[in-house]
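The values are calculated or read from the model by the stated rules, or taken from the named source; none is laboratory data. What you see is a predicted model, and the numbers here were worked out from it, not measured in a lab. In this analysis, Cβ positions are derived from the backbone assuming ideal geometry, glycine residues included, and neighbour counts consider all displayed protein chains.
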Amino acid sequence: AARPVRRQPLRVAVGYGGLWLGLDEGHVGTLAVSPEARGHGVAEAIMLALIACARANECELVLLEYRVSNAPAEALYAKLGFQRNRIRRQYYPDNKEDAVEAILPDVQAEQFAVRMVQWVTLWEQRRGQPFPWPEWSDDEA
């Protein structure tokens, strides 16, 4: 008799982010989460990992842009301490929508390291699982 095949669950990417490193700043160039995975902390986890990468590479600040119409992005970035810097007029070529440029300053400061630990701890508590540090990470914020 044939034995049933035990299959591993299919692992698929539900989100991704990109960070450019330059001199003393990290620039979040992209962040995307599949519609089915939204609302489950994926974007927050990716952002925390990108911020940790910027810290590990001795960046003093992290900056990014987001569409003025993207309220969920604005809420996430504000939650993580990003501050509006300026409006970039007609930034997006597809529809000429304005972008908000936001900055997360002083990421090398000791008090920022404490905040990182708090954010990761809260993420873990809300989800009941360890934070999914990327493979390149040394598990340190």
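Collect the residues in region 88-102 that are surrounded by 12 or more Cβ atoms within 10 Å (Cβ to Cβ) and not basic (Lys, Arg), keeping them in residue-number order. Give the steps one after another, and end with the answer.
Within region 88-102, the subset surrounded by 12 or more Cβ atoms within 10 Å (Cβ to Cβ) is 88, 91-92, 97-102.
Of everything in region 88-102, those that are surrounded by 12 or more Cβ atoms within 10 Å (Cβ to Cβ) and not basic (Lys, Arg) turn out to be TYR91, TYR92, GLU97, ASP98, ALA99, VAL100, GLU101, ALA102.
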Checklist entry - Do we find that LEU61 is closer than 21 Å to TRP133 by Cα and surrounded by 19 or more Cβ atoms within 10 Å (Cβ to Cβ) in this structure? => result no
Checklist outcome for this item: Of the residues in region 37-58, those that are surrounded by 18 or more Cβ atoms within 10 Å (Cβ to Cβ), over 15 Å from ALA13 (Cα atoms) and in contact with a strand residue (DSSP E or B) (Cβ under 9 Å, 6 or more places away or on another chain) number 7
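Determine whether region 33-47 contains at least one residue that is in a strand (DSSP E or B), within 29 Å of GLU110 (Cβ to Cβ) and modelled with pLDDT of 90 or more.
Initial filter on region 33-47 (in a strand (DSSP E or B)): 33.
From the residues that got through so far, the ones that are within 29 Å of GLU110 (Cβ to Cβ) too are none.
No: region 33-47 contains no residue that is in a strand (DSSP E or B), within 29 Å of GLU110 (Cβ to Cβ) and modelled with pLDDT of 90 or more.
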Next on the checklist: I need a count of the residues in region 52-105 that are over 25 Å from VAL120 (Cα atoms), of a type in the set (D, E, K, R), touching a Phe, Trp or Tyr at 6+ places or on another chain (Cβ under 8 Å) and not in a loop (DSSP other than H, G, I, E, B).
Outcome noted: 1
